[in-house]
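Trainee: Have a look at this one.
The values are calculated or read from the model by the stated rules, or taken from the named source; none is laboratory data. Only a predicted model underlies this, so the values are computations on that prediction, with no experimental measurement involved. Because the Cβ atoms are built from the backbone with ideal geometry, glycine has one as well, and the counts that use them run over all protein chains shown.
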Amino acid sequence: MSADPMLNFEGKVALITGAASGLGAALARELGSRGARLVLGDINTSALGRLADDLAGEGVQVLAQHCDVSRESDCESLVALARERCGALDIAVNNAGVAPPMMSLEDTGEAEFDRQYHINQRGVFFGLRHQLPVMKAARAGVILNVSSMAGLGGAPKIASYAAAKHAVIGLTKTAAIEAAGYGVRVNAICPFFTLTPMVTGIDTPAGVSAEEFQAFLASGCPMKRLADTSEVVAAMLMLLSPALTYVTGQALAVDGGLSAY
């Protein structure tokens, strides 16, 4: 348990979507180790159950429930679970998302564009729609939405993803302004390519190894490497810190220097 008050989440109730793997699972472990009570959602209930069992075995108080963020009822139900079983909702992380296949904008079909919209954009909207009233009533809380560097600039070959992630930042800034007077903070985090299953599982071009493709992705970043999951989670913890009380409406780039160009 951290003795540092900046990273002490003792007793805080933290909801995380897309918690079964990647950034969601890593953040759950970090918050749990710092005393948070966890309410976790994901469509992959088997992986989610394994994570919840692991955390419970480490003494973390954790609840897990199926949550398809493209369905508003699922997002509402996850918030209700936090209220009914934990009596509060102090932290919400709208993390669930999907990556598209890489293709040009003109080759992107309506089905893929709609998939990005339904999960990456509406999933955040539905989360905010049900998280904000609980926090505003309590006059306290912090929400973190997971956007991307693709939400801050152009993203060749992933136009549908970029559109959805830009929308996440628009939702974040609007919610931050509306909630600021209630003591509720809303921020977004915008990682560069990170070594999570979403990136390591990308289908590579024919004849190109996973290592070669990752090196290609990293070549656009001044640090010339992809982010480690722990590096992004460290920034997420910072934005969720109980001490960071005057930071809201921000979209933080975690990008190895890419946005410095």
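Trainee: Could you please let me know if residue 27 is within 19 Å of residue 87 (Cα to Cα), of a type outside the set (D, E, K, R) and out of contact with any Asp or Glu (no Cβ under 9 Å at 6 or more places or on another chain)? Working first, answer last.
Mentor: Values: within 19 Å of residue 87 (Cα to Cα): no; of a type outside the set (D, E, K, R): yes; out of contact with any Asp or Glu (no Cβ under 9 Å at 6 or more places or on another chain): yes.
Spelling it out, it is not the case that residue 27 is within 19 Å of residue 87 (Cα to Cα), of a type outside the set (D, E, K, R) and out of contact with any Asp or Glu (no Cβ under 9 Å at 6 or more places or on another chain).
Trainee: Tell me, which residue of the stretch 224-249 that is more than 26 Å from residue 33 (Cα to Cα) and at pLDDT 90 or above is surrounded by the most Cβ atoms within 10 Å (Cβ to Cβ)?
Mentor: The qualifying residue surrounded by the most Cβ atoms within 10 Å (Cβ to Cβ) is 249.
Trainee: Are any of the residues in the stretch 43-58 assigned by TED's automatic domain parsing to the domain that holds residue 123, closer than 24 Å to residue 230 by Cβ and of a type in the set (Val, Ile, Thr)?
Mentor: Just the residues of the stretch 43-58 that are assigned by TED's automatic domain parsing to the domain that holds residue 123, to begin with: 43-58.
Filter again for closer than 24 Å to residue 230 by Cβ, leaving 44, 47-58.
Narrowing the set further to residues that are of a type in the set (Val, Ile, Thr) leaves none.
No, that holds for no residue.
Trainee: Can you tell me which residue is surrounded by the fewest Cβ atoms within 10 Å (Cβ to Cβ) among those in the stretch 1-22 that are modelled with pLDDT under 95 and hydrophobic (A, V, I, L, M, F, W, C)?
Mentor: 3
Trainee: Assess whether residue 174 counts as being in contact (Cβ under 8 Å) with a residue 40 or more places away in the chain and of a type outside the set (D, E, K, R). Outline the logic, then answer.
Mentor: On the way: in contact (Cβ under 8 Å) with a residue 40 or more places away in the chain: no; of a type outside the set (D, E, K, R): yes.
Here the answer is no, as residue 174 does not meet what is asked.
Trainee: What pairs can you find where one residue is in the stretch 218-236 and in the same structural domain as residue 146 (by TED's automatic domain parsing) and free of Cβ contacts under 8 Å to residues at least 12 places away in the same chain, the other is in a helix (DSSP H, G or I) and of a type in the set (D, E, K, R), and their Cβ atoms are less than 9 Å apart, with a gap of 6+ or different chains?
Mentor: 234/30
Trainee: Report, by residue number, each residue of the stretch 36-49 that is within 19 Å of residue 71 (Cα to Cα) and either assigned to a strand (DSSP E or B) or among the acidic types (Asp, Glu) (or both).
Mentor: Initial filter on the stretch 36-49 (within 19 Å of residue 71 (Cα to Cα)): 39-45, 48.
39, 40, 41, 42 - these are the residues of the stretch 36-49 that are within 19 Å of residue 71 (Cα to Cα) and either assigned to a strand (DSSP E or B) or among the acidic types (Asp, Glu) (or both).
Trainee: Still on this structure, I have one more. Only one residue in 52, 88, 64, 28 is in a loop (DSSP other than H, G, I, E, B), in contact with a strand residue (DSSP E or B) (Cβ under 7 Å, 6 or more places away or on another chain) and surrounded by 15 or more Cβ atoms within 10 Å (Cβ to Cβ), so which one is that?
Mentor: Working: 52 fails: in a loop (DSSP other than H, G, I, E, B); 64 fails: in a loop (DSSP other than H, G, I, E, B); 28 fails: in a loop (DSSP other than H, G, I, E, B).
The match here is 88.
Trainee: Here's another thing I want to ask about it. Name, by its number, the condition in (1) crowded, with 17+ Cβ neighbours inside 10 Å; (2) not in a helix (DSSP H, G or I) that does not hold for residue 208.
Mentor: (1)
Trainee: Quick check on the stretch 199-217: of everything there that is touching a residue at least 60 places away in the same chain (Cβ under 8 Å) and in contact with a Pro (Cβ under 9 Å, 6 or more places away or on another chain), which residue is farthest from residue 146 (Cα to Cα)?
Mentor: Only one residue fits best here, namely 203.
Trainee: Between 141, 151, 123, 183, which is at positive phi, in contact (Cβ under 8 Å) with a residue 40 or more places away in the chain and surrounded by 19 or more Cβ atoms within 10 Å (Cβ to Cβ)? It would help to see each step written out before you state the result.
Mentor: Working: 151 fails: at positive phi; 123 fails: at positive phi; 183 fails: surrounded by 19 or more Cβ atoms within 10 Å (Cβ to Cβ).
Just a single option satisfies the conditions, and that option is 141.
Listed here are the residues, each with its yes/no results for (1) at negative phi; (2) out of contact with any His (no Cβ under 6 Å at 6 or more places or on another chain).
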position	(1), (2)
45	yes, no
68	yes, yes
74	yes, yes
87	no, yes
94	yes, yes
100	yes, yes
103	yes, yes
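Trainee: Restricting attention to the stretch 245-261, report how many residues are in a loop (DSSP other than H, G, I, E, B) and within 18 Å of the chain's Cα centre (by Cα). Spell out how you get there, then give the answer.
Mentor: Initial filter on the stretch 245-261 (in a loop (DSSP other than H, G, I, E, B)): 245-250, 255-257, 261.
Restricting the remaining residues to those that are within 18 Å of the chain's Cα centre (by Cα) gives 247-250, 255.
Of the residues in the stretch 245-261, 5 are in a loop (DSSP other than H, G, I, E, B) and within 18 Å of the chain's Cα centre (by Cα).
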